[in-house]
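J.: This structure is in structure tokens; I'll ask about it shortly.
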Amino acid sequence: MKKIGVFYGSTTGTTKEVACKIAGQLGVKPEDVHNVASAAPSSLGDYDVIIIGASTWGDGDLQEDMATFLDGAQALDLRDKEVAIFGCGDDSMSQTFCNSVGEIYHKLHGAHPMFIAPFNNEGYDYSHSDSDVEGMIVGLCIDEVNHPDETDARIKAWCDEVKKEIC
């Protein structure tokens, strides 16, 4: 059985809540859920599957703790790791919706993980997102501001996809 770790960057607590819901869906133990504000990037190496996410701030910026964490993670060799990305955003910020998902993808790309669990953004109304890489949404995007009623179903569907891909 593959060991799963969940890593999140959260400023207001929303992304932490989403990370905990994801952990629950995937059967991840609480000790394997990490706030990147207090985790070393090297701890990614303890896991076979890395679930990683953050919120998008301001003009499409990555949450501050995650940005710092990823600066260290870029130096790692994650070739034997599967990585699934999630993020929180607000689709009324139509030019930067869930940019964090794309930022995480791009920052980890040089560490050579195997990215898994792309998802779709049907039901959201935005004009641009860095989470869209070459026509594919590279992770789960959550909007707790405008679409909180869809969060649990989106998390479940995405986690079901993660489970299929890591078997």
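J.: For the chain, calculate the relative contact order in percent as a whole number, restricting contacts to Cα pairs under 8 Å that are 6 or more residues apart.
T.: 22
J.: Which of the peptides 128-139, 48-59 is most tightly packed, and how do the rest follow, judged by the mean count of other Cβ atoms within 10 Å per residue?
T.: Most protected by this proxy first, the peptides run 48-59, 128-139.
J.: For the chain, list log₁₀ I(q)/I(0) at each q in 0.13, 0.17, 0.18, 0.19 Å⁻¹, using the Debye formula over Cα point scatterers of equal strength and ignoring solvent, two decimals each.
T.: Those come out to -0.52, -0.94, -1.07, -1.22, one per q.
J.: Can you list, by residue number, the Cys in the chain that have no neighbouring cysteine C-beta under 4.7 Å?
T.: CYS20, CYS88, CYS159, CYS167
J.: Scan around HIS34 for amide H atoms under 5 Å from its own, H built in the peptide plane at 1.01 Å from N, and keep only partners 5 or more places away or cross-chain.
T.: The list, which skips near neighbours in sequence, is VAL6, PHE7, TYR8.
J.: Continuing with the same structure: Cα gyration tensor of the range 7-56, axes a ≥ b ≥ c as square roots of the eigenvalues: rounded (a/c below 1.5), prolate (a/b > b/c) or oblate? Intermediate results must be reported in sequence, preceding the final value.
T.: On the way: a/c = 1.92, a/b = 1.15, b/c = 1.67.
It is oblate, given that a/c is not under 1.5 and a/b is not larger than b/c.
J.: Per Stokes-Einstein, at 4 °C and 1.567 mPa s, what whole-number D in µm² s⁻¹ belongs to the range 86-167, with the Kirkwood radius over Cα pairs as the hydrodynamic radius?
T.: For the chosen part, D equals 100 µm²/s.
J.: Another question, if that's okay. Which percent, to the nearest 5, of DSSP beta bridges fully inside the chain are antiparallel?
T.: Taking every DSSP beta bridge with both residues in the chain, the antiparallel ones total about 20 percent.
J.: Then there's this: Treat every Asp and Glu Cβ in the chain as -1 and every Lys and Arg Cβ as +1, leave all other atoms uncharged, and give the resulting dipole magnitude about the Cα centre to the nearest 20 debye.
T.: Dipole of the chain, to the nearest 20 debye: 700 debye.
J.: Can you give me the pair-distance distribution of the range 34-113, C-alpha pairs, 5 Å bins, whole percents?
T.: Result, from short to long distances: 3, 16, 28, 25, 15, 8, 4, 0 percent.
J.: What length, rounded to one decimal in nm, is gained on full extension from GLU31 through to ARG79, with 0.36 nm per residue of separation minus their alpha-carbon distance? Don't skip to the answer; put the middle values down first.
T.: Working: separation 48, 0.36 × 48 = 17.28 nm, distance 2.40 nm.
Result for the pair: 14.9 nm of gain on full extension.
Where a number appears in this text, it was derived from the coordinates with a stated rule and is not lab data. Treat the numbers as computed from the prediction; the structure is a model and nothing was measured. When we count neighbours, we look across all protein chains shown, and the Cβ atoms used for this are built from the backbone with ideal geometry, even at glycine.
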